[in-house]
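Below is one structure; the comments refer to it alone.
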Protein chains: 2
Amino acid sequence: MRTHFCGLVDESLIGQTVTLCGWADVARNLGGVCFIDLRDHEGVVQVVAEPDDRPVFDAAADVGYEDCLRITGTVRARHSVNARIRTGRVEIVASRIEVLNKAETLPFYLHETPGEEARLTWRYLDLRRPEMQRMMRTRIRLVQALRRWLDARGFQDIETPILTKATPEGARDFLVPARMHPGEFYALPQSPQLFKQILMVAGFDRYYQIARCFRDEALRADRQLEFTQLDMEFAWVSERDVQDATEEMIRTVFREVVEVELDAAFPRMTYAEAMRRYGSDKPDLRIDLELVDVAPLVAHCEFKVFTDWAANPDGRVAALRVPEGAALSRKQIDELGAHAAKFGAKGLAWIKVEDAARGRDGVSSPIAKFLDDATLAAVLGATGAQSGDLLLFGAGAWKVVCDFMGAVRLKVGRDLGRVAAGWKPLWVTDFPMFEWDEEEGRYVALHHPFTAPAVDDEADLRANAKTAVSRGYDMVLNGNEIGGGSIRIHRSSMQSAVFELLGIGAEEAKAKFGFLLDALRFGAPPHGGIAFGIDRIAALMAGTESIRDVIAFPKTTTAQDLMTDAPSPIPDAQLAEVHVQVRARD
Amino acid sequence: MRTHFCGLVDESLIGQTVTLCGWADVARNLGGVCFIDLRDHEGVVQVVAEPDDRPVFDAAADVGYEDCLRITGTVRARHSVNARIRTGRVEIVASRIEVLNKAETLPFYLHETPGEEARLTWRYLDLRRPEMQRMMRTRIRLVQALRRWLDARGFQDIETPILTKATPEGARDFLVPARMHPGEFYALPQSPQLFKQILMVAGFDRYYQIARCFRDEALRADRQLEFTQLDMEFAWVSERDVQDATEEMIRTVFREVVEVELDAAFPRMTYAEAMRRYGSDKPDLRIDLELVDVAPLVAHCEFKVFTDWAANPDGRVAALRVPEGAALSRKQIDELGAHAAKFGAKGLAWIKVEDAARGRDGVSSPIAKFLDDATLAAVLGATGAQSGDLLLFGAGAWKVVCDFMGAVRLKVGRDLGRVAAGWKPLWVTDFPMFEWDEEEGRYVALHHPFTAPAVDDEADLRANAKTAVSRGYDMVLNGNEIGGGSIRIHRSSMQSAVFELLGIGAEEAKAKFGFLLDALRFGAPPHGGIAFGIDRIAALMAGTESIRDVIAFPKTTTAQDLMTDAPSPIPDAQLAEVHVQVRARD
């Protein structure tokens, strides 16, 4: 239907007749000449209809915003060059204008950014906006670059089922009633974890899949019910093999897709160090602020919150030096306290350092009076406080202090413009194997129950479960966990031991994971892998905060598709076919 | 963990020390020397443990079938060359044998083909079999080759949702209860049809996706609940653009993946011609048998079944000449009749032509007595019957005769070894727009309700609905419909007219497809596309009858995953979270 793309018409075509298809981006009548900016996926070109060709001129005069057109004409050089667009040196003198489909009045102009609800309701118009085209194409190029890298290295792209078995470990499953098995259900996979391990047992050696995953969780922040991960697994590897290979992969795709050169070797940090310095297992290293442990320094002061937690082996007292933070108003500091409270803080103590040289006389603080001169000096010294700085203090249970001080670090870093430009990747390693779940009174897996412990011996693991370190690792970029993986358990006896420590009895383990335990009995190779969040990496590359900008048809935070109006009620007769009914409301 | 792959060790490595990982394919003690065939995904290499290195020899002697091993040793030339394997000129003299994971006794040997149930229960062992590795790798290379072709031509790989809206048109949907919307449900997509059309309206120009699709249908023959299609859509195209491009694509991937050179230009056939000559809209052209219409010839004979249907404008009387078919026994002919009956035949008349030159005296047939000499001669002439042939006759409603005579043609062609070697692709075009559904008393769409009719005008379509031809097309290969597509309706008024003809009222259309009707109002471009069945194409390439051989984790014909034991019952408390309950059995 066309000879060229609108956005690619250039001076090489001057004098030629071309036929183009596209939308009327702009249509206007200026001094008796009609101009149409015709747009396709490659860009825009100017079309001219001159008054001496009356039928063409009349057709052009009738063209409306976003009409779908086919235009034939001759390419000629343009008098007034538009240097901002690729086609800016030429224009098309139309000899035929065909309206393929008239457009009714659009609900918004494409050069505006409408509200979220309008964008998702008329997604087909939102996606026409050049900004959305650019972001979606960044995602497409990311996936292409990943596949190119993986295919060249012998990774086998294998599809795993979407209709699979419910595994109550982890997040909430989506359920699908089985018509042929009354009262039974399939579940949508939270990840292909067990299938990819099975593929290693099956001898595929290196596997990948751009896999759709499903978690029925509250859609806080920027989550989606369904999301896409690059899922990878390697047989006969150590953690360093997986890390080195995938680090090279991520460097390659950043170079190819967005021309960014990441660190030649990503920094490495243990979980313990990341929590100690940044209060986070996914630290944003673009922010140059660090936490300082001050428990020993305040162990004998008169501020009971400090002394209590300093004396508690499970406690933490940490300080954050905010350079030039003394300029913050009382209200701004209160806001930081409120932010910390969201992450579990009972309060946020602070010291404004107006003149570091003057000691107690140079500071203002509600807690200074509880600190003797030596303690105050020690704290100022340990944090490296300078005149004009603000010191923030958190005390409490170790994990809680890490969480809220980490959150405060991020907020104050952003608020005060301390986020450096550029890209800061790192590996976080040596995660704890288990966390103690107070509510359930049992251990839970920090990664997942298939992650290998650093020790090889089940008795050793049982004896030291509380402090056991796993062979898990996360890749972090600018404060986002973009990838997470581990070396897996490959021996049936170790897998059984871990299930047991997680409070999964032998019978339950057999019912839920029997096939895995079986598979590990027939010569399963050592193996490990990783999964990368495609939506998040694409959003980072595209420079957007929201993964919804790199997903063609996302759901709202209330889990709806506003365009198709899903989910929706289903006639009871149809539900009867799959042997379920809607429960009466309480 | 390893320096080389087992299957790639060759003479270039003689004298070098290598470390290999793999499974003990064979382990045997021959004349005081232990031999281990070590296997990985690349193949097998022979490892030798000699008695003078006692620890290594002892380790080798303990190795069991399918143990997972790491072996270090020196490569040397082999005395007795094994020309059947790539590594057959070398062997490894082991200096270290490490058992990474012992294997318990396997439920079957990997060189055997166990029963279907065993294969699916222990799929990780079934997949280790070299034959399965070969077939799965054929699929993987097919998908790679397709992506390579598509990416090089600017097709945009875009993911569409899996949690989407129920669309009661077509097959039965899988339903997913929505936790955040009590009483409402998502549905799994039967195909990304509407999303890909929306992407054309959104300006993506050319789209593809290797898409998972879901149909909750009876698993007759070789179907799966979930299957994979290459889904494609093009803006601003005619059917010939789509056909020419994808024909070139299929030719390319057959060349690249299995070194098969398909026809330079696929034959083209209308639906009417395919049904007339082959009784099928997906004719297997490898079989050289054709149907012949004999209604005019038998219109005045004394066989009432023939005359009735010959007189009926909706009837058909067709003959199939089976060369050398006179040798078939009465029992074999009865079996053909039984086969025809499965496809709706009331009976299958036949004439054995023992001596074509002798007319009535040269045939044996239960119906010959109802045919006068002239009729019999005309029928023998029209079918080109030779001595030794069998003629089979079907009479009935047109579609029913096509179906059962087409089925008989396939069976007799296969039974008599008349399936030529090689590959016979073709395009089938000019499908009817609608079929009349007697049960529902309304038209149904032969392709789907979004397929454009050949006419541009709604009034024309309304006036001639019964005979209207669509702009749909199928790609057929060796009797399989491997691809199907169409030019779509791109104007809202035509889409509304088609919904109306299908008995979908304005209100219902708005509720179900309102977003599509809306999208067509804002300058939707003319567009069309196609979808190819990846599972089927991979099976054809791999030379297997069953798509289960090219799906890593297929379901059984009773819709179960025998390995993970899905589907399974779900605790009622978990069902309560998503607001459903299992219905009481009737």
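The values are calculated or read from the model by the stated rules, or taken from the named source; none is laboratory data. Predicted model, so just to flag it, every value in this text is computed and none were measured. Neighbour counts are summed over all protein chains in view; Cβ atoms, including those assigned to glycine, are modelled from backbone coordinates with ideal geometry. Note: areas computed on protein heavy atoms with side chains; ligands, DNA, RNA excluded. Shrake-Rupley method; radii C 1.70, N 1.55, O 1.52, S 1.80 Å.
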Q) Any idea how many residues of region A:514-526 are out of contact with any His (no Cβ under 8 Å at 6 or more places or on another chain) and surrounded by fewer than 23 Cβ atoms within 10 Å (Cβ to Cβ)? A) 5
Q: Consider residue A:414 carefully, then state whether it is open to solvent by 70 Å² or more (accessible area, probe 1.4 Å) and closer than 30 Å to residue A:333 by Cα.
A: yes
Q: Look through A:302, A:324 and report the one residue that is on the phi > 0 side of the Ramachandran plot and surrounded by fewer than 14 Cβ atoms within 10 Å (Cβ to Cβ).
A: A:324
Q: For residue A:351, work out the one condition from (1) in a helix (DSSP H, G or I); (2) touching a strand residue (DSSP E or B) at 6+ places or on another chain (Cβ under 9 Å) it doesn't fulfil.
A: (1)
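Based on what the data block shows, is residue A:106 open to solvent by less than 20 Å² (accessible area, probe 1.4 Å) and outside the structural domain of residue A:52 (by TED's automatic domain parsing)?
Values: open to solvent by less than 20 Å² (accessible area, probe 1.4 Å): no; outside the structural domain of residue A:52 (by TED's automatic domain parsing): yes.
For residue A:106, the condition - open to solvent by less than 20 Å² (accessible area, probe 1.4 Å) and outside the structural domain of residue A:52 (by TED's automatic domain parsing) - is not met.
Of all residues being assigned to a loop (DSSP other than H, G, I, E, B) and polar (S, T, N, Q) in region B:1-53, which is farthest from residue B:108 (Cα to Cα)? Just the residue, please. Spell out the reasoning first.
Pass one, region B:1-53, residues assigned to a loop (DSSP other than H, G, I, E, B): B:1-5, B:9-10, B:14-16, B:31-32, B:41-42, B:50-53.
Adding the requirement that they be polar (S, T, N, Q) leaves B:3, B:16.
On the way: B:3: 31, B:16: 36 Å.
Among them, the one singled out is B:16.
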Q. Pick from region B:542-573 the residues that are free of Cβ contacts under 8 Å to residues at least 60 places away in the same chain and part of a helix (DSSP H, G or I): which of them is nearest to the chain's Cα centre (by Cα)?
A. B:572
(Q) Looking at (1) in contact with a Leu (Cβ under 6 Å, 6 or more places away or on another chain); (2) away from chain B (no Cβ under 12 Å); (3) not basic (Lys, Arg), which one does residue A:500 not meet, given that it meets all the others? (A) (1)
Q. Which is open to solvent by 20 Å² or more (accessible area, probe 1.4 Å), in contact with an Asp or Glu (Cβ under 7 Å, 6 or more places away or on another chain) and aliphatic (A, V, I, L, M), of A:90, A:48, A:33, A:81?
A. A:33
**Q.** Pairs where the first residue, in region A:238-259, is closer than 19 Å to residue A:529 by Cβ and the second is open to solvent by 30 Å² or more (accessible area, probe 1.4 Å) and of a type in the set (Lys, Arg), C-beta under 8 Å, 6+ apart
**A.** A:239/A:471; A:245/A:153
Q: Could you list all residues from region A:496-511 that are touching a strand residue (DSSP E or B) at 6+ places or on another chain (Cβ under 9 Å) and either crowded, with 22+ Cβ neighbours inside 10 Å or part of a loop (DSSP other than H, G, I, E, B) (or both)?
A: A:498, A:502, A:503
Q: Determine if region B:221-236 includes at least one residue that is open to solvent by less than 10 Å² (accessible area, probe 1.4 Å), in the same structural domain as residue B:491 (by TED's automatic domain parsing), closer than 25 Å to residue B:553 by Cα and not in a strand (DSSP E or B).
A: yes
Q: Scan region A:375-410 for residues that are open to solvent by less than 30 Å² (accessible area, probe 1.4 Å), in contact with a strand residue (DSSP E or B) (Cβ under 7 Å, 6 or more places away or on another chain) and among the hydroxyl-bearing types (Ser, Thr, Tyr) and jot them down.
A: A:383
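For region B:527-568, enumerate the residues that are of a type in the set (Gly, Ala, Ser) and under 21 Å from residue B:485 (Cβ atoms).
Filtering region B:527-568 for residues of a type in the set (Gly, Ala, Ser) gives B:528-529, B:531, B:533, B:538-539, B:542-543, B:546, B:552, B:559, B:566, B:568.
Passing the criteria: B:528, B:529, B:531, B:533, B:538, B:539.
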Q: Give me a count of the residues in region A:394-424 that are in contact with a helix residue (DSSP H, G or I) (Cβ under 9 Å, 6 or more places away or on another chain) and either over 24 Å from residue A:286 (Cβ atoms) or basic (Lys, Arg) (or both).
A: 8
Q) Does residue B:536 satisfy the condition of being among the basic types (Lys, Arg), more than 14 Å from chain A (Cβ to nearest Cβ) and open to solvent by 10 Å² or more (accessible area, probe 1.4 Å)? A) yes
(Q) Looking at B:552, B:576 in this structure, which one is in contact with a Pro (Cβ under 9 Å, 6 or more places away or on another chain), small (Gly, Ala, Ser) and over 24 Å from residue B:242 (Cβ atoms)? (A) B:552
Q: Look at residue A:151 and say whether it is facing chain B (nearest Cβ under 7 Å), outside any strand (DSSP E or B) and surrounded by fewer than 22 Cβ atoms within 10 Å (Cβ to Cβ).
A: yes
Q. Within region B:97-117, can you find the residues that are without any contact (Cβ under 8 Å) to a residue 60 or more places away in the chain, farther than 20 Å from residue A:235 by Cα and of a type outside the set (Val, Ile, Thr)?
A. B:106, B:107, B:108, B:109, B:111, B:112, B:114, B:115
Q: Tell me, yes or no, whether region B:404-418 has at least one residue that is under 30 Å from residue B:499 (Cβ atoms), of a type outside the set (D, E, K, R) and touching a residue at least 60 places away in the same chain (Cβ under 8 Å).
A: no
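Being small (Gly, Ala, Ser) and surrounded by 13 or more Cβ atoms within 10 Å (Cβ to Cβ) is the filter here; which residues of region A:327-358 pass it?
From region A:327-358, those small (Gly, Ala, Ser) are A:327, A:329, A:337-338, A:340-341, A:344-345, A:347, A:349, A:356-357; that's our starting set.
Selection gives A:337, A:340, A:341, A:344, A:345, A:347, A:349, A:356.
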(Q) Looking only at region A:109-131, filter to residues that are assigned to a helix (DSSP H, G or I) and either more than 12 Å from every other protein chain (Cβ to nearest Cβ) or charged (D, E, K, R) (or both); which one of those is surrounded by the most Cβ atoms within 10 Å (Cβ to Cβ)? (A) A:123
Q) Which of (1) more than 9 Å from chain B (Cβ to nearest Cβ); (2) touching a residue at least 12 places away in the same chain (Cβ under 8 Å) does residue A:84 not meet, given it meets every other one? A) (2)
Q. Taking residue A:254, is it at pLDDT 95 or above, within 17 Å of the chain's Cα centre (by Cα) and either in a helix (DSSP H, G or I) or surrounded by fewer than 21 Cβ atoms within 10 Å (Cβ to Cβ) (or both)?
A. yes
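Could you tell me whether region B:185-206 includes any residue that is open to solvent by 40 Å² or more (accessible area, probe 1.4 Å) and of a type in the set (Gly, Ala, Ser)?
To start, the set of residues in region B:185-206 that are open to solvent by 40 Å² or more (accessible area, probe 1.4 Å) comprises B:206.
Still in the running and of a type in the set (Gly, Ala, Ser): none.
The answer is no, given that none of the residues of region B:185-206 is open to solvent by 40 Å² or more (accessible area, probe 1.4 Å) and of a type in the set (Gly, Ala, Ser).
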Q. Considering B:141, B:134, which residue is modelled with pLDDT of 95 or more, open to solvent by 10 Å² or more (accessible area, probe 1.4 Å), closer than 30 Å to residue A:227 by Cβ and outside any loop (DSSP other than H, G, I, E, B)?
A. B:141
Q) Name the residues in region A:159-214 that are at the interface with chain B (Cβ under 8 Å from one of its Cβ atoms), touching a residue at least 40 places away in the same chain (Cβ under 8 Å) and small (Gly, Ala, Ser), would you? A) A:178, A:183
Q. Given the conditions (1) surrounded by 22 or more Cβ atoms within 10 Å (Cβ to Cβ); (2) at pLDDT 95 or above; (3) within 30 Å of residue B:127 (Cα to Cα), which single one is not true for residue A:542?
A. (3)
